[in-house]
Amino acid sequence: MAIDFGSIQIEAGIELPARVNVDKPSKAKEKLQAMEVGDSFFVPFSAGKTVRESVMRSAKSAEVKLSSRKLAEGFRFWRVA
């Protein structure tokens, strides 16, 4: 479905809300940083379609290097650095 830009109304004076949880570290970041090199965890496919991308994005944010493998039932992630 295409957006009908002709019907969009431009509004002024609406403030941009503050970001939520800006200073609060995420649980994912805390968990990833708590891992030792060689530790791993498994996430089943039932967790969602973008599981791998989400975990790898969280790892990058936490400055943790992970390697992943697709298995029959989901993904396994290992901390490699």
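The values are calculated or read from the model by the stated rules, or taken from the named source; none is laboratory data. Because the structure is predicted, anything quoted here is derived from the model rather than measured. Methodologically, a virtual Cβ is constructed for each residue, glycine included, from the backbone with ideal geometry; neighbour enumeration extends over all protein chains shown.
Search the stretch 7-29 for residues that are under 21 Å from E53 (Cβ atoms) and pair each with any residue that is assigned to a loop (DSSP other than H, G, I, E, B) and at pLDDT 90 or above when their beta-carbon atoms are under 8 Å apart and the residues are at least 6 apart or on different chains.
A28/A62; K29/A62
What are the residues in the stretch 1-28 that are under 20 Å from the mean Cα position of the chain (by Cα) and at pLDDT 90 or above, if any?
none
How many residues does the stretch 1-60 contain that are assigned to a helix (DSSP H, G or I), surrounded by 10 or more Cβ atoms within 10 Å (Cβ to Cβ) and among the hydroxyl-bearing types (S, T, Y)?
Narrowing the stretch 1-60 to residues assigned to a helix (DSSP H, G or I): 5-7, 27-34, 45-47, 51-60.
So of that shortlist, the ones also surrounded by 10 or more Cβ atoms within 10 Å (Cβ to Cβ) come out as 28-34, 45, 47, 51-60.
Next cut, among the hydroxyl-bearing types (S, T, Y) only: 54, 58.
Of the residues in the stretch 1-60, 2 are assigned to a helix (DSSP H, G or I), surrounded by 10 or more Cβ atoms within 10 Å (Cβ to Cβ) and among the hydroxyl-bearing types (S, T, Y).
Which of the residues that make up the stretch 64-81 are without any contact (Cβ under 8 Å) to a residue 24 or more places away in the chain and part of a loop (DSSP other than H, G, I, E, B)?
Start the filter on the stretch 64-81 by keeping residues that are without any contact (Cβ under 8 Å) to a residue 24 or more places away in the chain, which leaves 65, 67-70, 72.
Within the stretch 64-81, K65, A72 qualify.
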